[in-house]
Amino acid sequence: MASQAPISDAAVEAQADDNPQPGLPTDADGNQYIEVDGPDDLDADSAYGSSIQSDLTSLASDITRGIWEHGRRYHSYGRSQYAFPNDEAEVERLDMQHAMHTHLLGDRLFWAPIDPEAAQVLDLGTGSGIWAIEYADMFPGSSVTGTDLSAIQPEWVPPNCSFEIDDAEAEWTWDEATFDYIHNRNFVCAIRDWPKLIRQCFQFVKPGGWVEWHEKYPFMRSDDGSLLEDSALFHWGVKFFDASIPFGTDATSPRNLKTWMEEAGFVDVKEHILKLPVGSWPKDRRLKQVGLLESVNMTEGIQGLTMMLFTRCLHWTPAEVEVFLSRVRRDVKDRKIHCYYHFYVVFGRKPK
């Protein structure tokens with residue numbers, strides 16, 4: 001990945017507020033939309049629509065704890081607070097999702113206008129640790145700490161990067177105003193008290209420091225009506241949100257991040273809502289690649305995203321989940337369905 005320089009306030013405004021996804025056309029009302037690629041180009045994607053093997057290499061893992069449910073391993077620290085697995089298959093999915101997220105953001109690790117060198121950085125919910133490792137490699141003057149419920153990060157990391165097992169929703173034990181920048185990503189179906197977490201971020205970031213959130217909002221939609229409401233893919237999004245409520249981790253939370261940050265005391269809060277395609281149907285080259293990666297997530301990774309939530313909270317049997325997911329995978333591979341969902345990028349600054 002190319003070196004990422006600090007982003008100025010003006011650059012962020014130009015990139016995100018006026019045109020959050022450069023290259024996308026706008027309709028008569030000024031709304032951006034994703035063009036559908038032609039049938040000839042779609043046919044050229046020989047890997048799309050079949051079982052896709054990720055080219056990403058899984059990071060070596062050192063997992064010390066876990067519980068098993070329906071053939072998948074989950075974390076045991078803060079037992080069952082997080083709905084998704086922590087096994088080797090999940091590590092591969094997380095690394096693939098990192099590639100997708102970074103590419104969606106214009107091959108950037110962050111959008112907040114931070115000075116990344118000589119900074120104390122906290123990566124909450126670090127997962128496989130790949131974001132923290134790449135940041136530490138890119139900015140050797142920084143000191144990066146990644147925390148997660150599961151110890152699935154590699155042993156060999158840059159000297160300025162370290163990992164700790166910790167629960168982001170527990171009381172933090174660092175000194176107040178420790179960090180220059182706090183990065184948070186993919187906390188959907190993980191956080192039960194978002195306002196408290198955001199207040200803790202405010203408490204532990206330095207005056208003038210930034211906090212940034214990258215969160216999915218997986219309500220499936222299409223601009224051209226190609227995603228029908230009776231499709232399995234549409235119903236998966238609806239049921240995902242339904243299940244998040246009894247699980248205690250309302251998946252609609254990303255819509256409130258900007259408000260909660262402002263209520264906690266952050267200033268210069270920016271909210272950018274990007275369109276994340278599912279499948280390689282977009283004409284835009286970058287979004288085509290993003291969509292292809294997300295199609296892997298929604299075919300090969302969807303079992304891990306669904307099984308615990310649907311069996312525990314919707315009371316489906318594992319067999320019912322698997323039959324339903326076979327229909328979801330079929331829709332994901334259908335090139336006539338031009339589906340996307342929203343991806344929130346929200347960041348704000350603690351006043352000096």
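The values are calculated or read from the model by the stated rules, or taken from the named source; none is laboratory data. Since the model is a prediction, treat every value here as computed from it, not as a measurement. Here Cβ is always computed from backbone atoms with ideal geometry, including for glycine, and neighbour counts include all displayed protein chains. Just the protein is used for accessible areas: all its heavy atoms, side chains included, with ligands, DNA and RNA removed. Shrake-Rupley method; radii C 1.70, N 1.55, O 1.52, S 1.80 Å.
For the range 94-166, just say rounded, prolate or oblate: build the C-alpha gyration tensor, square-root its eigenvalues into a ≥ b ≥ c, call rounded for a/c under 1.5, and beyond that prolate if a/b exceeds b/c, oblate if not.
Details: a/c = 1.72, a/b = 1.10, b/c = 1.56.
In terms of gyration-tensor shape, oblate.
For the range 276-352, what does the alpha-carbon gyration tensor say about shape, rounded, prolate or oblate, given a ≥ b ≥ c as the root eigenvalues, a/c under 1.5 as rounded, and a/b over b/c as prolate?
Working: a/c = 3.28, a/b = 1.25, b/c = 2.63.
Note, shape of the range 276-352 comes out oblate.
Residue by residue, the range 262-268 carries 3J(HN,Hα) couplings of 5, 5, 6, x, 5, 10, 6 Hz when phi is fed to the Karplus relation 6.51 cos²θ - 1.76 cosθ + 1.60 (θ = phi - 60°); x denotes Gly or Pro.
Residues whose amide H falls under 5 Å from that of ARG221, counting only those 5 or more places apart or on a different chain, are TYR340, with hydrogens built in the peptide plane. The GluC sites (Glu not before Pro) of the range 119-176 that DSSP puts in a loop, and whose beta carbon has at most 16 other beta carbons within 10 Å, are GLU155, GLU171, GLU176.
Taking 7 Å steps out from each Cα toward its Cβ at THR259 and ASP137 produces label points 4.0 nm apart.
Run the accessible area of the range 95-155 with a 1.4 Å probe and give the carbon-and-sulfur part as a rounded percent.
On the way: 650 of 1460 Å².
Result for the range 95-155: 45 percent of the exposed heavy-atom area is carbon or sulfur.
Rolling a 1.4 Å probe across the protein heavy atoms gives the range 71-350 an accessible surface of 35 Å² per residue.
Of the peptides 265-271, 204-210, the order by per-residue mean of other Cβ atoms within 10 Å, starting with the highest, comes out as 204-210, 265-271.
You can think of it this way: the chain between HIS342 and ASP193 has 51.5 nm of extra reach, that is 0.36 nm per residue less the Cα-Cα gap. Near GLN153, the amide H atoms lying under 5 Å from its own belong to ASP62; only residues 5 or more places off or on other chains count, and H is placed 1.01 Å from N.
Report the net charge of residues surrounding PRO218, where surrounding means a beta-carbon distance below 15 angstrom and charges are Lys +1, Arg +1, Asp -1, Glu -1. Walk me through the numbers before you get to the answer.
Numbers: positive: ARG93, ARG185, LYS216, ARG221, LYS239, ARG255, LYS275; negative: GLU215, ASP242, ASP250, GLU294, ASP331.
Within the 15 Å Cβ shell, the charges total +2.
Segment GLU35..GLU117, full-extension length gain: 25.7 nm, with 0.36 nm per residue of separation and the alpha-carbon distance subtracted.
Couplings 3J(HN,Hα) for the range 120-125, derived from phi with the Karplus relation 6.51 cos²θ - 1.76 cosθ + 1.60 (θ = phi - 60°), are 8, 10, 10, 10, 6, x Hz, where x marks Gly and Pro. In order along the range 215-226, the phi-based Karplus estimate (6.51 cos²θ - 1.76 cosθ + 1.60, θ = phi - 60°) of 3J(HN,Hα) comes to 9, 7, 10, x, 8, 6, 8, 9, 8, 10, x, 6 Hz; Gly and Pro are listed as x.
Residues whose amide H lies under 5 Å from that of ASP37, counting only those 5 or more places away or on a different chain, are LYS283; hydrogens are built 1.01 Å from N in the peptide plane. Which loop chymotrypsin sites (Phe, Trp or Tyr not before Pro) in the range 131-203, with loop taken from DSSP, have no more than 15 other Cβ atoms within 10 angstrom of their Cβ? When the chymotrypsin sites (Phe, Trp or Tyr not before Pro) of the range 131-203 are filtered for loop state and at most 15 Cβ neighbours within 10 Å, TRP156, TRP174 remain.
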